[in-house]
Amino acid sequence: MASSLTAPRLTTTFSSSPTLQTLLFSNKLSISISNPFLSLPAIPNSLFHTQRRSIFRRRDQRRAFVTVRAESENGSDASRHYDFDLFTIGAGSGGVRASRFASNFGAKVAVCELPFSTISSETTGGVGGTCVLRGCVPKKLLVYSSKYAHEFEESHGFGWTYETEPKHDWSTLMANKNAELQRLTGIYKNILNNAGVTLIEGRGKIVDPHTVDVDGKRYSARHILISVGGRPFIPDIPGSDYAIDSDAALDLPSKPEKIAIIGGGYIALEFAGIFNGLTTEVHVFIRQKKVLRGFDEEVRDFISEQMSLRGIEFHTEESPQAIVKAADGSFSLKTNKGTVKGFSHVMFATGRRPNTKNLGLEEIGVKMSKNGAIEVDEYSRTSVPSIWAVGDVTDRINLTPVALMEGGALAKTIFQNEPTKPDYRAVPSAVFSQPPIGQVGLTEEQAIEKYGDVDIFTSNFRPLKATLSGLPDRVFMKLIVCAKTNEVLGWHMCGEDSPEIVQGFAVAVKAGLTKADFDATVGVHPSAAEEFVTMRTPTRKIRKGPPSEGKTDSDIKTAASV
C-alpha cells in the first residue's frame, strides 16, 4: 500500500482582485468558503428569474478564480493552466459522487465514461456504473420478480386460490428492467449536468500525471481520479467461452431452464435465488464445504439449509474442470467429482477483478496489487501524488455505499481544505439471497480472535407468517457481545426483511451501544425485529477456552412450539 504518503495539506484561495470582491460581496450576498451554496435574502417574485441567472453567472465567475493548491506536492505547476481541476475516469457511484461534490466545492470538473450498454466491455459501460446498470439495481429488480413464486405459495394458507397457475413472462421483465436502467442513467447524467460537471463520452487513458486521453483528444487536469470499478472474472478452463457472467445473466434473451452456478459468494447465492424463484432448476458448485466465505459460520450453515429446502442443489467441494457442449445445444459441467449434464446455461460467479487494464497506469508508475487493484493511502491517493482512486478499483470494501463515502471524502480532502479519511468501522451489508441476509460488525470468529471473551446470543424461530403458510421458513438472529464491556460487536440476521432491519441496527452498532441498551429498548410487536431487544440469555459464553453452553431463547421457543 502507498501508506508512506503523508496527509495532504490543501488550501483554497481566492484572487484578491477588486473585481472578484465586487462579484462575491455585492448585492448583500453572503458566501461561505466551505460551502459553495449562496445564502440569499428574500427576492420579490418579479425579480426572481433575473436574480437567479445573475447568481449562476457569479458562481461561474467565482469558479474561474478558484485555485486549488496541494502543498504536499502533487506535481502540479501552480502557474500552469489546466483544463480541469479534477478529471474523473469512470462515472459510477464513487466517481459521480466525487465529481459532483468537487464541482459544488468550486472546482472545474470533467468525467469520462463509455457509451451505455447493459453488458460491459472494453468499449461499453454507461453513466451510473456497475451498481446502477449491471449490479445492485437490476439484480434487486429480478429478486423482486422471483419472490412472487414463494409468495404465491404462501398465499394458499391465507385463503387465496388460483383457477390457473400464474405464469411468468421473461421478456416483459427484461423490457421493463432495461427501460428503468435507461431512466436511471438519464438521471445520473442530469445530476452531473446540474452540478456543472462536464461529461465526455469515450474511453479514458492516462498519458502522464496530469493528462488524460479520451479517444484521441487530450485533457489536462490538476488532479485525476480513477473510479472504473471492476469486471466479472471467469477462470480459464476448457469451454469457458460457453459460460456467462453476472452481466450477461441480468440480460439473457430467455430464462434458463437448468443452470449451473459456479461460486459460493453472495453473487452466486443471489442469482441462485433469482432463477430458483423463476422456476429454473438450479445447481450451485462450490470449491469449499460452505458458501459465503468470511461470513459468520452459523449464518453460512443456516442459509445453505434454507436455500436447499427451496429446491436449490448444492455441490460442495467441487471445482469446475471443463464445460462441454452437446449436440443438442445443452452443456455438461465436468468437475473433480464427476460430470453433471443437461444445463441450458453455465454461469461463473467467481468474483470480480479491478478494471485497470489499458488505463496507462503501469507506464506512469501507479502501484497496483497482484490482482490489478490500485494501491492507495488512507486518503485514496495513489503512489503518483496527482492521481487518486476510489471504489471497487481499489479493492478495499467493494460496496456501493462505501464508494460513495470514499468519493465524498476525496472531494473534501482535495477541494475543501479538509483532509478526510473514509470511515470503515461497522459497515453494514446485505445479501439479497432468498431468504436474505443482513450483517454489521464482527463475526463470532472475528470477535473471539480480537476480544477473547464474548457472549453469544442467538435465536432460530418460525416466523408468524409461516404459521399459516405452512412452509418451512425460519429466521436466524445473532448478537455478539463483548463480555468485558457489554458492547454489541456484531449483529447478524438471515430471514425476510433483514436488509431493511440491519440499516437501523447498524447505527446502534457503530455508536457502540451495549447489550444493556438493546435490552432497555421497547420492541415493536408483532415483528421479527423485536427479537433483537428481547434475547436475554446467552446461547454460549466464550472465555478464551471451550464455550460454556447456556439455555437459549431458541430452546424456550422450541419447547413452546413456536
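Worth a mention:
- In the stretch 220-264, the portion of solvent-accessible area held by carbon and sulfur atoms comes to 48 percent [1.4 Å probe, whole percent, DNA, RNA and ligands not counted].
- Calculated from backbone phi, Karplus (6.51, -1.76, 1.60) coupling profile of the stretch 110-119 in Hz, x at Gly/Pro: 10, 10, 10, 8, 6, x, 5, 7, 6, 10
- Packing, as the average of other Cβ atoms within 10 Å across residues, places the peptides 310-321, 215-226 in the order 215-226, 310-321, highest first.
- For the stretch 141-246, the set of GluC sites (Glu not before Pro) satisfying both a DSSP loop assignment and a count of at most 12 other C-beta atoms within 10 Å is given as E163.
- Dividing the Cα radius of gyration of the stretch 385-428 by its Kirkwood radius returns 0.97 for Rg/Rh.
- Net +/- balance of residues flanking W160 in space, Cβ distance below 11 Å, scoring K and R +1, D and E -1: -3
- Largest-first ellipsoid semi-axes for the stretch 385-541, taking √(5λ) over the Cα gyration tensor eigenvalues, angstrom: 33, 20, 14
- Residues whose placed amide H lies under 5 Å from that of H315, excluding near-sequence neighbours: V284, F285, I286
- Charged neighbours of I89, selected by a Cβ distance under 10 Å, balance to +1 (K, R count +1; D, E count -1).
- Taken per residue, the accessible surface of the stretch 218-285 reaches 32 Å², heavy atoms only and a 1.4 Å probe.
- Using a probe radius of 1.4 angstrom, the carbon and sulfur fraction of the accessible surface of the stretch 286-419 is 46%.
- For the stretch 303-317, Karplus couplings with θ = phi - 60° (6.51, -1.76, 1.60), whole Hz, Gly/Pro x: 5, 4, 5, 5, 6, 5, 4, 8, x, 7, 9, 9, 10, 8, 6
- The stretch 120-171 - percent of accessible surface contributed by carbon and sulfur, probe 1.4 Å: 57 percent
- Peptide ranges 457-469, 330-342 listed from the most packed, as the mean C-beta count within 10 angstrom indicates: 457-469, 330-342
- D301 sits among other residues whose Cβ lies under 11 Å from its own Cβ, and their net charge, with Lys and Arg +1 and Asp and Glu -1, is -1.
- 3J(HN,Hα) along the stretch 395-411: 6, 8, 10, 8, 9, 4, x, 5, 4, 4, 4, 5, x, x, 5, 5, 4 Hz, from the Karplus curve 6.51 cos²θ - 1.76 cosθ + 1.60 with θ = phi - 60°, whole Hz, x for Gly and Pro.
- Computed packing ranks the peptides 412-420, 190-198 as 412-420, 190-198, most packed first, by mean other Cβ atoms within 10 Å.
- Averaging Cα coordinates gives a centre for the stretch 116-194 and one for the stretch 440-501; these two points are 30 Å apart.
- With the alpha-carbon atoms of the stretch 489-543 aligned to their principal axes, the span from lowest to highest coordinate is 33, 23, 22 Å, starting with the largest.
The values are calculated or read from the model by the stated rules, or taken from the named source; none is laboratory data. Remember, it's a predicted structure, so these values are computed and weren't measured experimentally. Positions of Cβ are backbone-derived with ideal geometry, glycine not excepted, and every protein chain shown enters the neighbour counts. Ligands, DNA and RNA are excluded from the accessible area calculation, which covers all protein heavy atoms including side chains. Shrake-Rupley method; radii C 1.70, N 1.55, O 1.52, S 1.80 Å.
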